[in-house]
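What follows is one structure encoded as structure tokens, with my remarks underneath.
The values are calculated or read from the model by the stated rules, or taken from the named source; none is laboratory data. Computed from a prediction, not measured in an experiment: that's the story for all the values here. All Cβ positions, glycine included, derive from the backbone under ideal geometry; neighbour counts span all protein chains shown. Accessible surface areas use protein heavy atoms only, side chains included; no ligands, DNA or RNA. Shrake-Rupley method; radii C 1.70, N 1.55, O 1.52, S 1.80 Å.
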Amino acid sequence: MALLQGAELFATFFAAMKSGDSLAHWADGETLPEILGDGDRDGTSAAEKACGLYEPINTYPLFENALQHGKKNSRSVHQQLLGELSSRMSTVAAGNPHAWRQERYSADQISTVSDENRIIGFPYTKLMNAVLAVDMASAVLMTTAGKAIEIGIDPSRLVYLRAGTDINEIWNITEREDLTRSPGLGKAVRAVLDHADIALDSIDRFDLYSCFPSAVQIACNEIGLSPFDERGVTVTGGLPFFGGPGNNYSLHAIAEMVRLIREGDAKNGLVTANGLYLTKHSVGVYSSSPQDGEWQAIDALPLQNEVDSGPRVQLSEDYQGEVVVETYTISFDRNGPKRGIVVAKTPSGLRAIANIDDHITLQSLLDMDAVIGVKGRIHTQGESRFFEIVTD
């Protein structure tokens, strides 16, 4: 038997920090357990970190604005799409007694900017962002089918992990060829469905990692699923409404998927998990029926090698000169636009990143309906790099 468990208490932690309460009593003097796996690997390069790309609230909007451009949507049309996608997730959360926000929000409520629903990282309103400040815990007990029956579990309540695998994307986002794609996730899903011998059409319920709307849309594109598929993209309500525990959300999704299958609301379910910036992917297929033959793990190494050997873009960390905008975002505070981040291509095809700090340029970008493709110039100032629009 194996017990998988995770817990978060960010709501209590943030409340204590805000009130000034002491957290000294949290220390128990115990040593940290051994960490299995590769250990900590920085999710960003030094250049990415210097521009603010270590914060997901800055990075996922880059994907979103690239998606809008690729769909050829106007800002208003795309914002309504995001509102509708998020509204459907909130409807699931409203019926989930374990959700942090048990309320249904309309598409207009989610997409409309207000004092209570301000922009965090353009184009995302607060209601499109994962809720980090939650106190939540979940656990899954795993064993073999034989052991489960031996200890008296009714065979009709058994839920089988038919297949699962883990694949990393090209690690640094500035090296990825297409910021609207996640080919590693696509490979992982196809491998898992093939190994489980279950067709996509036979999956009854999905829970796609939903820290931000771009994560859901890109996952759907890679899977071959509409974001508005009647089977839904979440069984919990998603990270913005169910709640986004810092590093344990997908265990909640697995636990809820197990409940749905056990109670007969689904026969087959697919859960995806995501780490960093669409960087680390895990996929599992769960079923009310076992696979024929002995369960075997997927050898993901060949798939990982395919991803690692795929096309990359070279980042020029010291480039100065003319560029064309590939994607962008603007971070806001409670007073309005604060800082911009631009990902751009140089005339030679290299990639460059820079910030925008002056209010005039920030407002100019907010006033444009189509920023991607705009010509600009990158220059350095001390150790910082800045973007300015080039006018003909």
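Residues whose amide H lies under 5 Å from that of ARG339, counting only those 5 or more places away or on a different chain, are SER331; hydrogens are built 1.01 Å from N in the peptide plane.
In the stretch 1-41, which residues have a backbone nitrogen under 20 Å from the label point lying 7 Å from THR144's Cα in the Cα-to-Cβ direction? Once the point is set 7 Å along Cα→Cβ of THR144, 1-4 turn out to lie under 20 Å by backbone N, inside the stretch 1-41. Matching the structure-derived volume of the Cα convex hull per residue in Å³ against the labelled list (i) 169; (ii) 230; (iii) 206 gives the label (i). Run through the stretch 150-213 and list the chymotrypsin sites (Phe, Trp or Tyr not before Pro) located in a DSSP loop whose Cβ has at most 10 other Cβ atoms within 10 Å. For chymotrypsin sites (Phe, Trp or Tyr not before Pro) across the stretch 150-213 that sit outside H, G, I, E and B with at most 10 neighbouring Cβ atoms in 10 Å, the list is empty. Short-range pairs are left out: with C-alpha atoms under 8 Å and at least six residues apart, the relative contact order of the stretch 1-104 is 9 percent. The label point for GLU263 and the one for SER309, both projected 7 Å from the Cα toward the Cβ, are 4.7 nm apart. Summarise the accessible area of the stretch 136-251 (1.4 Å probe, protein heavy atoms) by the percent that is carbon and sulfur. With neighbouring chains kept in place, the figure for the stretch 136-251 is 47 percent. Measuring only protein heavy atoms, the 1.4 Å probe finds LYS338 accessible over about 120 Å². Take every DSSP beta bridge whose two residues both sit in the stretch 283-392; close to 95 percent of them are antiparallel.
Can you give me the relative contact order of the stretch 212-336 as a percent, contacts being Cα pairs under 8 Å and 6 or more apart? Don't skip to the answer; put the middle values down first.
Working: 65 pairs, mean separation 15.5, N = 125.
It comes to 12 percent, rounded to a whole number.
Measuring nothing but protein heavy atoms, the accessible surface of the stretch 1-55 at 1.4 Å probe radius is 57 percent carbon and sulfur. Considering only the other residues whose Cβ falls under 12 Å of the Cβ of ILE378, what net charge follows from Lys and Arg at +1 and Asp and Glu at -1? Net charge around ILE378: +1.
The residues of the chain expose on average 50 square angstrom of accessible surface per residue, using a 1.4 Å probe on protein heavy atoms. Could you tell me whether the stretch 183-338 comes out rounded, prolate or oblate from its Cα gyration tensor? Rule is a ≥ b ≥ c as square roots of the eigenvalues, rounded for a/c under 1.5, then prolate if a/b exceeds b/c, otherwise oblate. Taking the square roots of the gyration eigenvalues as a ≥ b ≥ c, the stretch 183-338 is oblate.
Restricting the trypsin sites (Lys or Arg not before Pro) of the stretch 210-299 to loop positions (DSSP other than H, G, I, E, B) with no more than 16 neighbouring Cβ atoms within 10 Å leaves ARG231, LYS267. Counting protein heavy atoms only, the stretch 323-392 has 48 percent of its accessible area on carbon and sulfur, 1.4 angstrom probe. For the chain, the relative contact order is 21 percent, taking Cα pairs closer than 8 Å that sit 6 or more residues apart in sequence and dividing their mean separation by the residue count. Modelled this way, with points 7 Å down the Cα-to-C-beta line, the labels at ALA7 and ASN247 are 1.6 nm from one another. Would you mind checking the stretch 50-81 for residues with the amide N under 17 Å from a putative spin-label position 7 Å along Cα→C-beta of ALA370? Residues 65-79 qualify, since their backbone N sits under 17 Å from the label point.
Sequence-ordered 3J(HN,Hα) estimates for the stretch 272-286 from the Karplus curve with 6.51, -1.76 and 1.60 and θ = phi - 60° stand at 10, 10, 9, x, 6, 10, 6, 9, 10, 10, 10, 9, x, 10, 10 Hz, glycine and proline given as x.
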